[in-house]
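Trainee: Handing you a structure now.
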Amino acid sequence: MRFVRLLALAITASLVACSSDKATVEPAKLVTFKPSAKVDVRWKQRVGEAGFSVLTPAVTREGVFAADSKYVYRFDRDNGKKVWRIEPGFTISGGVGAGDGLVLVGGDKGEVAAYEDETGKLRWKTKASSAHRLWPKV
């Protein structure tokens, strides 16, 4: 018990030593700059509800891929027109991963499905051991 008290006293003393009245270092001043690029919204699309999940879209050279809790969507990158919509047959909870010609989504019961990015055709479907809360990485 005496050791515990001494240890607590030593820790407290070391913490007190850390809070000194020494002068603080001032942060560097911000520089003024002129923006060199203009960013405009080219298009917007709404998909359905995501429930309790945060479903982040994926952007590739081929398109923009998004999901709600029921469907996976592909939108044209240039004009935002819907190219295809797929119902994977499970509740989507892991967002969209895309690359190398594939679009992947994960489900709330461990499902993972991969689709061709051009056509939306199912390439494969499997089940993992747990729910997906992040987008599958391609």
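The values are calculated or read from the model by the stated rules, or taken from the named source; none is laboratory data. This structure is a prediction, so every number in the text was calculated from the model and none was measured. Neighbour counts run over all protein chains shown; Cβ positions are idealised from the backbone, glycine included.
Conditions (1) over 15 Å from the mean Cα position of the chain (by Cα); (2) among the charged types (D, E, K, R), marked per residue:
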{"residue": "42", "(1), (2)": "yes, yes"}
{"residue": "48", "(1), (2)": "yes, no"}
{"residue": "58", "(1), (2)": "no, no"}
{"residue": "62", "(1), (2)": "yes, yes"}
{"residue": "77", "(1), (2)": "yes, yes"}
{"residue": "81", "(1), (2)": "yes, yes"}
{"residue": "91", "(1), (2)": "yes, no"}
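Trainee: Quick check on my filter: what residues within the stretch 88-127 are of a type in the set (S, T, N, Q), at pLDDT 90 or above and closer than 20 Å to residue 59 by Cα?
Mentor: The one that is of a type in the set (S, T, N, Q), at pLDDT 90 or above and closer than 20 Å to residue 59 by Cα: 119.
Trainee: Out of curiosity, is residue 85 under 16 Å from residue 49 (Cα atoms) and at pLDDT below 90?
Mentor: No, not satisfied.
Trainee: Checking residue 22 against (1) surrounded by fewer than 10 Cβ atoms within 10 Å (Cβ to Cβ); (2) modelled with pLDDT under 65, which test does it fail?
Mentor: The number of the failed condition is (2).
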